[in-house]
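Structure, as structure tokens:
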Amino acid sequence: MHDTSAADRPLLVLIAGPYLSGTDGDPARIAANRARLEAAALPIYQRGHLPMLGEWLALPIIEAAGGRAQGDAVFHAYQYPVAERLLSRCDAVLRLPGASRGADLDVARAQALGLPVYHHIDALPVRSVAPEAVAP
């Protein structure tokens, strides 16, 4: 039986960084920011953890609520509240570089919850991982 003690349990790591920030609403620049956030997912997974982006949860909710454009009123009504709920379930935050009000809010909430905030993937602890989780 696998021991699921806290010492070897994978962390749920929220990846926080610029999403809309610095894009002036340009879809290509927003996509580039999202790609940069998502690029951190595999290295986090390879360290034995589960990566998460708030956008992975928030964007379908925003769309279902009638959001029509990144940054519209519906986006703002759901984006930060979804991130706040998600953060209450996370074990850590990885804060990527770049100006971002939302990422700064995530860091402040994480600190208030007593969660560790990492600024480099290499600072995340390594958990024992199954061979299939290791890069080829």
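The values are calculated or read from the model by the stated rules, or taken from the named source; none is laboratory data. Predicted model only: the values in this text are computed from it and were never measured. With ideal geometry, Cβ positions are generated from the backbone for all residues, glycine too; neighbour counts draw on all protein chains shown. Calculation scope for accessible area: heavy atoms of the full protein, side chains included, ligands and nucleic acids excluded. Shrake-Rupley method; radii C 1.70, N 1.55, O 1.52, S 1.80 Å.
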Exercise for the section: Using a 1.4 angstrom probe on heavy atoms only, work out the carbon and sulfur share of the accessible area of region 58-133 in %. Expected result: 55
Handout entry: Hz values of 3J(HN,Hα) by residue in region 104-119 - Karplus curve (6.51, -1.76, 1.60), Gly and Pro given as x
Key = 5, 5, 4, 5, 4, 5, 4, 5, 5, 7, x, 7, x, 10, 9, 10
Handout entry: Contact order normalised by residue count of region 1-119, Cα under 8 Å, 6+ apart, percent
Key = 34
Practice task
Determine the sum of side-chain charges near L113: Lys and Arg each +1, Asp and Glu each -1, restricted to other residues whose C-beta is under 12 angstrom from that of L113.
Solution key: -1
Fill in the blank from the handout: Helix 54-64: inclination vs the chain longest Cα principal axis, degrees, rounded to 10, gives 40
Handout entry: Estimated inter-spin distance, L12 and L113, nm [label 7 Å along Cα→Cβ]
Key = 0.8
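In Å², what does the accessible area per residue of region 15-107 work out to with a 1.4 Å probe?
Details: 4600 Å² over 93 residues.
The answer is 50 Å² per residue.
Taking the Cα centre of the chain as origin, work out the dipole magnitude from +1 charges on Lys and Arg Cβ and -1 charges on Asp and Glu Cβ, in debye rounded to 20. Each step should come with its number before you reach the end.
Details: 12 positive and 14 negative charges, 22 e Å.
The dipole of the chain has a size of about 100 debye.
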Fill in the blank from the handout: Rounded to the nearest 10, the angle in degrees between the Cα long axis of helix 73-87 and the longest principal axis of the Cα atoms of the chain comes to 10
